[in-house]
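Presented below is the structure to which this report refers.
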Amino acid sequence: MTCPLCGQRKARRECPALQQKICTICCGSKRLTEIACPSDCVYLASAREHPAAAVRREQERDVATLLPTIRHLTERQYQLFFLFQSAIARHTPDGFARLVDADVADAASALASTLETAAKGVIYEHAAQSVPGRALAVVLKALLDEIRTEGARVFDHEGAVTLRAIAQGAAEGETRAAGGATYLDLIRRLLAANPVAARPAAESSQPPVRSSLILP
């Protein structure tokens with residue numbers, strides 16, 4: 001039987017996502033990109049436990065790139081950081097717009113400024129400059145409101161510090177990519193390595209991560 005994806009190689013692996021056999025090359029190269037692999041896929045689990053050397057090196061580079069922007073965050077801010085990043089990774093701009101690092105930096109910086117102003121007792125909404133940035137800022141603000149609605153006490157300065165870390169990382173990614181999406185690609189790779197964090201809470205079988213943000 002020929003692989004239905006490439007139409008060239010022999011189909012040897014049962015793919016639970018496609019419910020048919022595919023070849024080993026397509027399984028490895030299209031995993032979590034073109035194929036929505038379920039978390040209980042044995043091949044996905046094996047790849048995470050024993051990643052190829054090239055994948056390990058890429059993961060190490062990603063962590064080394066991200067670490068300088070988040071090393072100062074507290075544990076709570078670190079959790080909030082990845083909640084924001086999950087929302088950013090899932091966000092798709094309207095129309096034909098494409099989200100790039102500059103938009104992420106713009107949105108995170110604008111919302112951080114809004115929270116910093118609120119922490120001083122002044123209510124003023126700072127707007128992102130780009131249209132995709134403004135739309136993303138709305139998404140991030142809605143996420144923060146949702147976290148607070150669920151009972152977590154997230155102070156304005158905590159949110160601002162976390163968003164400043166995102167803005168810094170995205171700005172540095174924009175410089176490296178010359179207007180591309182280096183930072184976004186990095187975050188998506190890290191979230192792909194942790195599917196529970198990458199999925200909305202309603203779709204996850206695990207307890208919501210945001211619950212750990214609730215102060216005792």
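Go through the residues of region 50-62 one by one and say whether even a single one is under 30 Å from His157 (Cβ atoms) and out of contact with any Ser or Thr (no Cβ under 6 Å at 6 or more places or on another chain). Talk me through it step by step, then tell me what you get.
Restricting attention to region 50-62, the residues satisfying the condition of being under 30 Å from His157 (Cβ atoms) are 62.
Checking the rest, the ones that are also out of contact with any Ser or Thr (no Cβ under 6 Å at 6 or more places or on another chain) come to 62.
Scanning region 50-62, I find at least one residue that is under 30 Å from His157 (Cβ atoms) and out of contact with any Ser or Thr (no Cβ under 6 Å at 6 or more places or on another chain), so the answer is yes.
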(request) Would you confirm whether any residue within region 127-134 is crowded, with 16+ Cβ neighbours inside 10 Å, over 26 Å from Thr182 (Cα atoms) and in contact (Cβ under 8 Å) with a residue 24 or more places away in the chain? (result) no
Restricted to region 149-178 and to residues being buried (at least 18 other Cβ atoms within 10 Å of the Cβ) and more than 17 Å from Ala102 (Cβ to Cβ), the residue modelled with the lowest pLDDT is Ala152
Going through (1) out of contact with any Pro (no Cβ under 6 Å at 6 or more places or on another chain); (2) at pLDDT 85 or above one by one, Ser39 fails only at (1)
Taking region 127-174 and keeping only residues that are outside any helix (DSSP H, G or I) and closer than 15 Å to Val104 by Cα, one is left with Ala127, Ala128, Gln129, Ser130
The condition from (1) exposed (fewer than 14 other Cβ atoms within 10 Å of the Cβ); (2) at pLDDT 90 or above; (3) touching a Pro at 6+ places or on another chain (Cβ under 8 Å) that Arg71 misses is numbered (3)
Exactly one of Leu66, Leu32 is touching a helix residue (DSSP H, G or I) at 6+ places or on another chain (Cβ under 7 Å), aliphatic (A, V, I, L, M) and closer than 15 Å to Ala192 by Cα, and that one is Leu32
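Does Ser39 satisfy the criteria of being under 24 Å from Arg188 (Cβ atoms), under 20 Å from the mean Cα position of the chain (by Cα) and among the hydroxyl-bearing types (Ser, Thr, Tyr)? Before the answer, list the steps.
Details: under 24 Å from Arg188 (Cβ atoms): yes; under 20 Å from the mean Cα position of the chain (by Cα): yes; among the hydroxyl-bearing types (Ser, Thr, Tyr): yes.
Yes; evaluated as a whole, the condition is true for this residue.
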Meets criteria (small (Gly, Ala, Ser) and in the same structural domain as Val139 (by TED's automatic domain parsing)) for Ala45: no
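Return the only residue of Leu115, Leu99 being within 16 Å of Arg188 (Cα to Cα) and assigned by TED's automatic domain parsing to the domain that holds Ala170.
Values: Leu115 fails: within 16 Å of Arg188 (Cα to Cα).
Result of the check over Leu115, Leu99: Leu99.
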*asked:* So, Arg90, is that one assigned by TED's automatic domain parsing to the domain that holds Leu143, within 24 Å of Gly173 (Cβ to Cβ) and surrounded by 13 or more Cβ atoms within 10 Å (Cβ to Cβ) or not?
replied: yes
Restricted to region 179-194 and to residues being farther than 25 Å from Thr74 by Cβ and in a helix (DSSP H, G or I), the residue modelled with the highest pLDDT is Asp185
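The values are calculated or read from the model by the stated rules, or taken from the named source; none is laboratory data. Only a predicted model underlies this, so the values are computations on that prediction, with no experimental measurement involved. Cβ: placed from backbone, ideal geometry, glycine included. Neighbour counts: every protein chain shown.
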